[in-house]
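The values are calculated or read from the model by the stated rules, or taken from the named source; none is laboratory data. Keep in mind that this is a model prediction, so the values were computed, not measured. Because the Cβ atoms are built from the backbone with ideal geometry, glycine has one as well, and the counts that use them run over all protein chains shown.
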Amino acid sequence: MCGIVGIVNSDNVRKKAEKSLDRIIYRGLDDKGFYYENKLCFGHCLHSVVGNTKQPIIKDNFVFGANCEIYNWKELTKKYKFKSKNDAELLLDILIYYLKNKRFKEINGKLLNKILNELDGVFAFFIYSKKYKYTLIARDVLGEKPVWFSSKDKTLFFASEKKAIEEIELEELNPRKIILFNNKNVFKFFNQNFFGLSNNKEINLIEAKEKIKKLLDKAIQKRIPNKNLGLLFSGGLDSTLLAFILKNKNIKFTAYMTVSEKKKDEIENAQKIAKKLDFKLKLVKINKNLVLKELPKIINLIESADPVKVEIGMTIFFALKEAKKDKIKVIFSGIGADDIFCGYKRMFMYHGINEDSLSNLRRIYEKDLYRDDVLSMANNIELRLPYLDKQLVKFMLTIPSKYKYTKTPKLILKEIAEEIGLSKRFTTFKRNAAQYSSGMNKIISEIIKDKKTYKGKFFSKLYGKRNLKLGVLFSSGKDSTYAMYIQNRLNYEITCLISIESKNKDSFMFHTPAIKLAKHQAEVLSIPMVIQKTKGKKEKELTDLKKAIIEAKEYGIQGIVTGALYSNYQRIRIEKICDELNLKVYSPLWHTSQEKHMKNLIKENFEVIITAVAAEGLDKSWLGRKINQKIIDELVRLNKKLGINVAGEGGEFETFVLDCPMFKKKLKIVSSKVIEDSENCAKLVINKIKLENKL
């Protein structure tokens, strides 16, 4: 891994670029270099694993810099008859091969995808044509290698990390986007091909497992370096299987595990595995004082006060810090296994497991990869992720969901591990997420208790700023409001609400009741609102949603919050639009138990009323009732009897939020009327609302 920075079409570029690279110089301590022209400058710091070629490289009227690991670089060098000495040179050579005689207007998405499809590996690179005066930036499709950028005011800024360029606000480049800039005033964004879903109905489970074995073995083999190798170890299936395969290949490595001094069962289990498989294990034991000391550093490194990211980041950081002492150059991680082998409990609540996997993979760059990349680079270690191998991921998405939908998480991976010789007692050890199994969550909870605050607020104080700016797809109901509340508690800055006013009361995408009343909620939230009208025609209404989100980008948003619980129809379409607009998607309620979600509303002091019903078992008597435990009990009973969704996710009822912790005032209904269409279909029309001060 390395670090890259660039500034194009600006003043004082050399000074700015040098300062930017210095902020992330830990990404590459082997060498650094710059290329400078009037109004543009590129910088690179080198972390050498394959060869030691100083960058930026100047060749055939191109200037190039990369942060890359191209595993098939030798094969491509032979195929194209290049003389490349390492993977970075190969990447430059193949770009020159296809772009040498191409002007700015001749470059298109088809050509760029043809180039990138040749590569087996991960990368983030820039290439500047001195002859035709354009700059191209791209990263691998899952986003293992980071790029942040700004394209405002006809100027291009980019860097491996957000903190590199503090003068302006950068946004993370969506891995499915490629930037082309004419270095003057025109930006083009091309789509990079992503994975798709195509169930291989003819393959049986035995055949599938045999192919997975081969693909996983190749994924590990191609990532084994000639340098000192480490393994981030947890004692769970994913890292234990990596350790087992490495031992079978006679590869020398050291495993590193962060664990609380109080986690005796986890410590004992890890030691048993290490002894049985005969590998070196270093336990990095943590306590409250150590964690409290390092918290500010980790939060500022990962540039986030999101509690989940911080707790997992802390767990990873202590292991990496120990690996650095041992001069480890490359370290393996099991990240990605849960996403492709169905390891998350929430995935078992929905039969479209491959759709869930695909969604997870779209978001993994924001959820996990940037954090882990920055932490590894801060310790001058390159992170490699075998489970996110392109060929392995591609194949896993073709395996029918029925083979993955079992009561045992990651059953396919468990069976593969046992079939190649890993003891069953090591594949069945129950392990929670990293922050829980390491004891990090409990330690931080103790710290928060001592401080008499909550995590988001405490981490925000240490960070000194809010997380990303977000817009909320807002319907005025409980789900979108509660999703917004969660993201606000996680220290994200809610800068606008986005409401769609649909003429179609049966819209597949948007909840229409009480949408006009959302402006009152925006007022008590003191958050601006974007309202977009739509006729509500299926699929065409997505065009109107896109228009609304484009308008919302004027508020500086870098992501969208949705209140989706189980509707893949909604989530997949929202994710697609956001991908096109280089926005991240946050669905904090996704696959939350519907009964638990309803109880959380009460617990967090939400005042919510039912404004429409449309299901057997419900009638006009439900209208205007506040959601409380009695209501929830009745809905649970109706769920068992009639199968209705407890949270109304299937459109059985709609809601309106009168008050929540984010409201500066509460709403009170002054006048309303009931319209009954049939015995089980009715709505509450709210005519007038007034604002009241809270006590």
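Of note:
- Counting only strands (runs of 3 or more DSSP E) wholly contained in segment 579-695, the ones carrying 3 or more residues that are among the hydrophobic types (A, V, I, L, M, F, W, C) and not assigned by TED's automatic domain parsing to the domain that holds Pro175 occupy 607-614, 653-659, 665-678, 681-693.
- For beta carbons closer than 9 Å, sequence separation of 6+ or different chains, a first residue in segment 585-612 that is over 30 Å from Ile675 (Cβ atoms) and a second that is among the small types (Gly, Ala, Ser) and in a strand (DSSP E or B), the qualifying pairs are Val585/Gly559; Tyr586/Gly559.
- Top-ranked residue of segment 269-287 - restricted to ones that are within 14 Å of Thr258 (Cα to Cα) and surrounded by fewer than 15 Cβ atoms within 10 Å (Cβ to Cβ), ranked as farthest from the chain's Cα centre (by Cα): Gln271
- Of the candidates Arg23, Arg14, the single residue that is over 29 Å from the mean Cα position of the chain (by Cα), at negative phi and not β-branched (Val, Ile, Thr) is Arg14.
- Residue identified as over 30 Å from Asp579 (Cβ atoms), among the charged types (D, E, K, R) and not in a helix (DSSP H, G or I) among Lys184, Lys285: Lys285
- For segment 406-423, the criterion of being of a type in the set (Ser, Thr, Tyr) and within 26 Å of the chain's Cα centre (by Cα) is satisfied by at least one residue.
- Across segment 150-172, the number of residues qualifying as part of a loop (DSSP other than H, G, I, E, B) and touching a residue at least 60 places away in the same chain (Cβ under 8 Å) comes to 7.
- Residue satisfying all of: in segment 150-166; touching a helix residue (DSSP H, G or I) at 6+ places or on another chain (Cβ under 7 Å) and either of a type in the set (D, E, K, R) or not assigned by TED's automatic domain parsing to the domain that holds Asn9 (or both); surrounded by the fewest Cβ atoms within 10 Å (Cβ to Cβ) among these: Lys163
- Restricted to segment 579-634, and to residues there that are among the small types (Gly, Ala, Ser) and surrounded by 16 or more Cβ atoms within 10 Å (Cβ to Cβ), the residue that is nearest to Leu173 (Cα to Cα) is Ser587.
- Per-region count, segment 247-271, residues free of Cβ contacts under 8 Å to residues at least 40 places away in the same chain and either outside the structural domain of Asn432 (by TED's automatic domain parsing) or part of a helix (DSSP H, G or I) (or both): 7
- Within segment 310-335, residues that are under 11 Å from Thr258 (Cβ atoms) and assigned by TED's automatic domain parsing to the domain that holds Asp389 sit with their Cβ atoms under 7 Å from residues that are in a helix (DSSP H, G or I) and small (Gly, Ala, Ser), at 6+ positions apart or across chains, in these pairs: Ile312/Ala434; Thr315/Ala434; Leu320/Ser376.
- Matching option when the condition is over 23 Å from Lys603 (Cβ atoms) and crowded, with 20+ Cβ neighbours inside 10 Å, among Leu684, Leu691, Leu667: Leu684
Residue-wise test of (1) within 24 Å of Arg384 (Cβ to Cβ); (2) at pLDDT 95 or above; (3) of a type in the set (Ser, Thr, Tyr); (4) not in a loop (DSSP other than H, G, I, E, B).
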{"site": "Lys19", "(1), (2), (3), (4)": "no, yes, no, yes"}
{"site": "Asp22", "(1), (2), (3), (4)": "no, yes, no, yes"}
{"site": "Leu29", "(1), (2), (3), (4)": "yes, no, no, no"}
{"site": "Lys32", "(1), (2), (3), (4)": "yes, no, no, yes"}
{"site": "Tyr35", "(1), (2), (3), (4)": "no, yes, yes, yes"}
{"site": "Phe42", "(1), (2), (3), (4)": "no, yes, no, yes"}
{"site": "Ser48", "(1), (2), (3), (4)": "yes, no, yes, no"}
{"site": "Gly51", "(1), (2), (3), (4)": "yes, no, no, no"}
{"site": "Lys54", "(1), (2), (3), (4)": "yes, no, no, no"}
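- Of the residues making up segment 134-190, those that are of a type in the set (Val, Ile, Thr) and at pLDDT below 95 are Ile165, Ile168.
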